[in-house]
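Taking it in order: structure first as structure tokens, then the write-up.
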Amino acid sequence: MSPSSLSPRASTLAEAETVRLTPRHLRAGPTGPLAEAARWGAVALSAGRFSLHEIHPKRDVPLLHAWMNDPSIAHWWDLAGDEDVVRRHLATRALRAPGGCYLGCVDDEPISYWELYRADLDELARVYPARPHDVGIHLLVGPPAWRGRGIGSLLLRAVTELVLRAAPDTARVVAEPDVRNTISIAAFERAGFERVATLELPDKAAALMMRHRVPSEAGARP
């Protein structure tokens with residue numbers, strides 16, 4: 001679903017005036033590979049060395065707040081507002097399927113925000129033919145200087161490969177960008193995803209994007 005969609009329990013939490021977060025709150029559900037993404041290590045890309053990092057609320061919420069208030073991001077994520085909007089969103093993610101929220105860094109510079117989650121255990125599984133251990137992925141590229149350079153597809157390919165290495169039981173990675181977000185859909189396609197269906201979600205019509213594990217990716221954990 002849209003990153004801004006809330007489950008009933010999450011909606012109750014979102015009504016709180018202030019949400020206090022710790023890094024522990026940003027790793028949802030039982031311990032598993034998606035909750036350990038900050039330990040997957042760095043990978044060498046043409047843009048630099050890329051790695052995922054845990055979000056530390058006091059340090060990172062102001063940065064995420066700035067990104068979410070960029071009009072080009074706010075249009076799709078619908079998280080513009082004060083910093084508590086970001087805190088509430090991070091808290092609601094932690095009430096949903098097992099996974100985690102991360103900053104993606106190139107050469108230690110934060111340039112992206114990631115949500116990795118078990119799609120088969122998420123609300124999304126109600127509207128598509130989920131399989132056990134499907135992983136869902138959300139991405140935004142924050143700094144304007146990094147956009148429009150093909151970085152989205154580069155990062156998506158890298159993180160998808162990391163997911164498939166870290167989660168040997170996962171055969172598919174899925175995403176559901178808004179059908180109007182042609183830039184996002186194109187980035188997923190360049191990263192090896194296929195558009196397989198259109199989903200009617202409460203807040204949008206979404207393109208169901210899917211990346212299947214191939215035989216050469218049947219290796220062990222990183």
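The values are calculated or read from the model by the stated rules, or taken from the named source; none is laboratory data. Nothing here was measured: the structure is a model prediction, and the numbers come from that model. Positions of Cβ are backbone-derived with ideal geometry, glycine not excepted, and every protein chain shown enters the neighbour counts.
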Exercise. Pick from region 173-222 the residues that are of a type in the set (Asp, Glu), surrounded by 13 or more Cβ atoms within 10 Å (Cβ to Cβ) and at pLDDT 95 or above: which of them is nearest to Ser72 (Cα to Cα)?
Worked result: Asp178
Problem set entry | Qualifying residues in region 105-119 (those that are crowded, with 20+ Cβ neighbours inside 10 Å and more than 16 Å from Met68 (Cα to Cα)) - the one nearest to the chain's Cα centre (by Cα) | Leu116
Seminar exercise, completed: Filter region 190-222 for residues that are of a type outside the set (A, V, I, L, M, F, W, C) and without any contact (Cβ under 8 Å) to a residue 24 or more places away in the chain; the one that is farthest from Asp120 (Cα to Cα) is Ser216
For this session: Please verify whether region 150-157 includes one or more residues that are among the basic types (Lys, Arg), closer than 22 Å to Glu217 by Cα and crowded, with 21+ Cβ neighbours inside 10 Å.
Result: no
Exercise. Do we find that Ala206 is under 16 Å from the mean Cα position of the chain (by Cα) and assigned to a strand (DSSP E or B) in this structure?
Worked result: yes
Problem set entry | From the options Thr170, Thr160, residue that is within 23 Å of Leu90 (Cβ to Cβ) and surrounded by 20 or more Cβ atoms within 10 Å (Cβ to Cβ) | Thr160
For this session: Would you confirm whether any residue within region 177-186 is closer than 22 Å to Gly104 by Cα, under 15 Å from the mean Cα position of the chain (by Cα) and among the hydroxyl-bearing types (Ser, Thr, Tyr)?
Result: yes
Exercise. In contact with a Leu (Cβ under 6 Å, 6 or more places away or on another chain), at pLDDT 95 or above and within 22 Å of Leu45 (Cβ to Cβ): does that describe Tyr113?
Worked result: yes
Seminar exercise, completed: Conditions (1) surrounded by fewer than 22 Cβ atoms within 10 Å (Cβ to Cβ); (2) part of a strand (DSSP E or B); (3) touching a Phe, Trp or Tyr at 6+ places or on another chain (Cβ under 8 Å) -> Tyr102 fails only (1)
Seminar exercise, completed: In the set Pro143, Pro129, the lone residue that is in contact with a Pro (Cβ under 9 Å, 6 or more places away or on another chain) and surrounded by fewer than 16 Cβ atoms within 10 Å (Cβ to Cβ) is Pro143
For this session: Those residues that are without any contact (Cβ under 8 Å) to a residue 60 or more places away in the chain and in contact with a Ser or Thr (Cβ under 8 Å, 6 or more places away or on another chain), I need them from region 121-145; list them, please.
Result: His133, Asp134, Ile137, Leu139, Val141
Problem set entry | Boolean, Ala130 is farther than 28 Å from Arg149 by Cβ, at pLDDT 95 or above, assigned to a loop (DSSP other than H, G, I, E, B) and among the hydrophobic types (A, V, I, L, M, F, W, C) | yes
Problem set entry | Subset of region 82-108 (residues that are in contact with an Asp or Glu (Cβ under 8 Å, 6 or more places away or on another chain) and hydroxyl-bearing (Ser, Thr, Tyr)) | Tyr102
